[in-house]
Structures are given as structure tokens and as C-alpha cells.
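First up is the structure itself, then whatever we jot down about it.
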Amino acid sequence: MVLRLILLGSPGSGKGTQARMLQEGYQIVHVSTGDILRRAIQAQTELGRLAQSYMDDGNLVPDDVMLRLVKETLDAPRYEAGYVLDGFPRTVPQSTAFESMLLQWGAALTAVISLEVNREVLIHRLSGRRVCPECATTYHIDQLDPSGELRCTRDGALLVQRKDDDAQAVAIRFDAFERETLPLKQFYRDRGLLREIDGSRATGEVFKDIQRILA
Ligand code: AP5
């Protein structure tokens, strides 16, 4: 069966972390709209220039831009073997339009997995997150040796803090999540696709729950 998954969850809930584990464990493609946008910003493309001001402040990029991006991305042969979407859809208009895209492609979603994590844990995770600017692997300062330089264990690049992880942008991102993205839970519950799991436990425990859902 081809796996087509959506990971839903607040900023910092672990979507990127679990999506990377799913990519490795199930040989499906991890599609992070946030990573695609950050690469576009780094490369100074037209999309990057458009997205930057929204992202730096913690606001969502307009729906029409995201829908064009996802349509162009997923309409390619490498996605036929399955994928996990991390960060898309995140508004009701995006979910509705994505439903039509899937219909057009004759494809169906396997599940929508919502990672539930409380605010205190989210703030701790986001304030301590460091990312590799080369491969986008995420770390938390609690896992790193504070006495040396913080480098990616995969490619040795110096780790950085995301601009939108400062306290002001994080507050705006939480608001956007509650206003725009939380209603998606009902959207997918109505379609019998929603699975909620406790995302506040250790990474491996959360992944085991996802594996149980997919078994
Ligand atoms: P995006 O990059 O998607 O960010 P986000 O949704 O805010 O989510 P994060 O990446 O902050 O968190 P995550 O859930 O992936 O957690 P992670 O695994 O890193 O989007 C950024 C911006 O792009 C948006 O604000 C918007 O502007 C724009 N954008 C993107 N898509 C869009 C769309 N569809 N429409 C409109 N705009 C869009 O984990 C966080 C930290 O916790 C890490 O340090 C990690 O190591 C640690 N951690 C993870 N899991 C655990 C665990 N189980 N236990 C302990 N620590 C953990």
C-alpha cells in the first residue's frame, strides 16, 4: 500500500523529527514546506523573497503560493511511492484544495496524524532547537555538548537557530496554529482520517505509536 501521510501539530510538536524517521523507516519522501521555503530564501529565489517577510515574523505564507508550490512539488514521479507531509496543509482552504488535487491524481490519504504536545513543552523545545543549515536536521541544546562548537553529526556544518524561533515570532506562530490549523483536526475527523497521539513523550515512543497506526 502506498503511504500518504499528513503530520499535524503545533510548532515544535515534532513533525519534522517524526517525518525524518518515517522517511528512513518506510522509504517515503519527507516533504517539509517549511524546509522548501527556507531553501528558497537561502537561494534568494522569487519564492524565497516573497516568503521571507511572512516567515521571519512567524506568519503563514499566503494559501495561493503554498498551493502552487505543493502542486508543483508532488506532481512528480518520485512521490508516487508515497510521502509524509510536514507543515502542509495548515489552513482549511489548503486542505480543501489539496483534497481536490488528490482526487485529480486518483490518490487517497492513508492517515492524518496529529501530535499533541502542551505549550510548556513546546516552548522548551523551540527555544532550545538548533538546526543544520545544510541538511535541516534538528537538534536540541539539551542533547549537545555545550563546551564545544555545535555541529551537525551528519555533515559537520555549524548549527544555527531559526529566525522564527525567537519568543515574539513563536507567539505569532502559536496564534496562527490555533486560528488557522487547529480546525483541520475536525476537517480530517469528519473524513475518518484523524489519529491523535501524545507527542510529548520521547521521540522513539512517539514513533512506536505512529508505527502502530500504520501496522
Ligand atoms: P515549519 O518549518 O513547518 O515550522 P512549524 O510548523 O512551526 O514547525 P517546526 O518546524 O517549528 O516544529 P516541528 O513540529 O517540525 O518540530 P521539530 O521536529 O523541529 O514552518 C515554518 C514557517 O513556514 C511557517 O511559520 C510559515 O511561515 C511557513 N509555512 C510552512 N508551511 C506553510 C503552509 N503550508 N502554509 C503557510 N505557510 C507555511 O522539533 C522541535 C524541537 O523539539 C527540536 O529541537 C527537536 O529536536 C525536539 N524534539 C522533537 N521531538 C521531540 C521529542 N519527542 N522529545 C523531545 N524533543 C523533541
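Read the figures in this text as sums done on the coordinates, not as results from a lab. No experiment lies behind these values; they were computed from the predicted model shown. Here Cβ is always computed from backbone atoms with ideal geometry, including for glycine, and neighbour counts include all displayed protein chains.
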Review point. What 222 nm value per residue comes from the helices of the chain, counting each DSSP H run with n ≥ 4 as -39,500 (n - 2.57) and dividing by all residues, nearest 500 deg cm²/dmol?
Key: -14000 deg cm²/dmol
Check your understanding: By per-residue mean of other Cβ atoms within 10 Å, what is the highest-first order of 134-144, 17-27?
Key -> 17-27, 134-144
Check your understanding: In what order do ILE210, ILE36 fall by count of nearby beta-carbon atoms within 10 Å, going from fewest to most?
Key -> ILE36, ILE210
Exercise for review: With the cut-off at 29 Å, report for the chain the share of all Cα pairs above it, as a whole percent.
Suggested key: 22 percent
Study note, to complete from the structure: Simple SL model, points at 7 angstrom along Cα→Cβ for THR153 and SER127; separation in nm is 2.5 nm
Practice item. Could you please rank GLU205, GLU120, placing first whichever residue has the fewest other Cβ atoms within 10 Å of its Cβ? Key: GLU120, GLU205
Exercise for review: Could you tell me which of THR96, VAL65, LEU122 has its Cα farthest along the dipole of the chain towards the positive end, charges placed at Cβ (Lys, Arg +1; Asp, Glu -1), taken about the Cα centre?
Suggested key: THR96
Practice item. Largest first and to the nearest Å, give the Cα extent of region 59-109 along each principal axis. Key: 32, 18, 16
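What size of dipole, in debye to the nearest 20, comes out for the chain about its Cα centre when the only charges are +1 on Lys and Arg C-beta atoms and -1 on Asp and Glu C-beta atoms?
320 debye
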Revision key, fill the gap. The Cα radius of gyration of region 116-215, divided by 2.2 N^0.38 Å with N its residue count, comes to 1.28
